[in-house]
Amino acid sequence: MEKLTITIKTIFGVEEVLKEELNELGFDEVSVLNRAVQLQGTWADVYFLNLNLRCAMSVLVEVKKFKIRDEQDLYKQCMKIDWTSYFSIDKTFAVRGAIQSKLFSHTQFPFLLVKDAIVDTFRDKTGERPNVNIKTPQVVFDLYIKENQATISLNTSGAPLFQRGYRTEIGQAPLNEVAAAALIRMSGWDRKSTFMDPFCGSGTLLIEAALLASGIPSNIDREHYAFKNFKGFDADLWAGIQSAAPRTCKGFDFEILGSDIDSDMMLMAKRNLRGLPIGRFVSVSTAAFQEVKKSTDNGTLICNPPYGERMGEEIEEMYAELGDWFKNELKGWNCYVLSSNEEGFKSIGLKPSRKIKMYNGDLECSFREYRIFDGFRKEFVKNEKENN
């Protein structure tokens, strides 16, 4: 069986996490790239990865890699590709990607050249041309150019894989599902102790944690994948991969707990949980974090609190109260905070044991670990003296 070069895109800072996830799924030879990883595989692997990966944004299959000398050279090379072998005339398509090259004065021009080559190839071979659909194409080609090296790939996912299909409602400034899954893995949560999010919003972190612990793929409810629109789509192979995936959950020997001060958010979280097999094993309640009491001596807390764009000076007070709550209520726990607010982090009043640069959408954030232990007060005073 022909081996494919498979590039799996992710978000900044998640490359190693994605590699670990792939190793866990049985893929041992994985190369780490910038915002991506790469491996060799088959179409069965492509289908499997789209369904089972939690920390990936898209799965690409390389069509052709070549060097170019100028703009028209890109068009000439693309005219050597038989685009009609990948999709039929009745499918819409688009060309997307990234250009890092001085050969092009306008970064959008390379995409137009590839689009023209696709249309011209179809017209030469069939007498007809396929339609371009920029917003919701059925087939997506990914063009990546770095200096004089061009790579064209098929985007087998289509819409980003954070569009799981399970979330019916979202709140303001939501954390996307891929970022949530990555944060959970970064925390080192053991999937058998209490998990908590006291700013749970519409429930993304809770849902991703429960799906991870249950072994049910996060994309189990997703119906739309671009590979279904390819000429070579193997429906029987895909059906077999889907049927082999776990779909049920008998419950957990630990708690997954969420809360939020916003009652409307709690309604959203409950609705999102309702249709999932893990839904009844996740507990959510309307409460300010200060009111929440730990139910076990140890556990993992991950939260994505407000960053303060609309809160003014109140944000520092909230972060200070969050730090106090960690110190007073969560001894024995590992607590993790994702935020873009540096003053807020300072107000927490605890020294983080880890800092990881992350992005929530386009916003640069920091993901910080706080290990709360019984002797924290002496240690905190000691650290403060050493730092001053």
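Only the coordinates and a few stated rules stand behind these numbers; no lab work does. If you're wondering where the values come from, they're calculated on a predicted model, not measured in any experiment. All Cβ positions, glycine included, derive from the backbone under ideal geometry; neighbour counts span all protein chains shown.
I'd like the distance separating the alpha-carbon centroids of region 91-107 and region 137-167, in whole Å.
Between the Cα centre of region 91-107 and that of region 137-167, the gap is 12 Å.
Which of the trypsin sites (Lys or Arg not before Pro) found in region 229-326 are in a DSSP loop and have at most 15 neighbouring Cβ atoms, other than their own, within 10 Å?
LYS231, ARG247, LYS250, LYS293, ARG310
All other residues with a Cβ under 11 Å from the Cβ of SER88 taken together, and with Lys, Arg as +1 and Asp, Glu as -1, what is their net charge?
0
Could you tally the net charge around LYS76, taking each other residue with its Cβ under 11 Å from the Cβ of LYS76, Lys/Arg +1 and Asp/Glu -1?
-1
Using 18 Å as the Cα-Cα cut-off, could you pick out the over-long pairs in LYS19/LYS355; LYS67/LYS146; LYS102/LYS146; LYS91/LYS231; LYS294/LYS327; LYS91/LYS125? Please list the in-between numbers first.
Details: LYS19/LYS355 20 Å; LYS67/LYS146 10 Å; LYS102/LYS146 9 Å; LYS91/LYS231 10 Å; LYS294/LYS327 12 Å; LYS91/LYS125 16 Å.
Result: LYS19/LYS355 exceed 18 Å.
What does the charge count near VAL139 come to, summing +1 for each Lys or Arg and -1 for each Asp or Glu among other residues with Cβ under 13 Å from its Cβ?
+3
Just the Kirkwood number for region 4-155, please: inverse of mean 1/r across all distinct Cα pairs, in Å, one decimal.
After inverting the pairwise mean of 1/r, the radius is 16.4 Å.
Considering the values [x] 1.01; [y] 1.47; [z] 1.11, which represents Cα Rg over 2.2 N^0.38 Å as calculated for the structure under consideration?
Calculated Cα Rg over 2.2 N^0.38 Å: the matching label is [z].
Hey, can you rank 151-161, 74-84, 40-50 by average C-beta count inside 10 Å, highest first?
151-161, 40-50, 74-84
State to the nearest 20 debye the size of the charge dipole of the chain about its Cα centre, where the only charges are +1 on K and R beta carbons and -1 on D and E beta carbons.
With only Lys, Arg, Asp and Glu charged at Cβ, the dipole is about 700 debye.
As I understand it, the value is the acute angle between the Cα axis of helix 43-52 and the longest principal axis of the Cα atoms of the chain; what does it come to in degrees, rounded to 10?
With both axes taken from Cα atoms, the answer is about 30 degrees.
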